[in-house]
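Notes follow the structure.
Please treat every number below as a calculation from the coordinates, not as lab data. This structure is a prediction, so every number in the text was calculated from the model and none was measured. Note that each Cβ is placed from the backbone with ideal geometry, even for glycine, and that neighbours are counted across all protein chains shown.
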Amino acid sequence: MTVWVDVARVAIGVNLLLLLSLVYVWGRNYAQIRSPLALGLLLFGGFLFLENGMAFYFYFFEPTLRVWVTEIPALAQLAMTLLRVCETVALVFLTWTTWR
């Protein structure tokens, strides 16, 4: 296992926490104002949370995929990790603007 897999795992965990906070805010906003935009953001956050939850499961618990992720070439691990880290950076900015 390389450090890239560990970085991806941390990024997935951070993504889940950020998405929980975003879904909370967007859900509260939808409950108060019932706008289609708030509903769209809530659904977007929910599906992205589901995607990251599945990735969390695959990276930590699913026996076949967990081994596959750790055995692929380092370049592929780096590419997968960069996607997760870019998503984390985007969610940090989205969370920052949402909570302002």
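Okay, here's what the table says:
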quantity: Boolean, Tyr30 is surrounded by 17 or more Cβ atoms within 10 Å (Cβ to Cβ) and aromatic (Phe, Trp, Tyr); calculated: yes
quantity: Any hit, segment 75-88, residues being in contact with a Gly (Cβ under 7 Å, 6 or more places away or on another chain) and in contact (Cβ under 8 Å) with a residue 40 or more places away in the chain; calculated: no
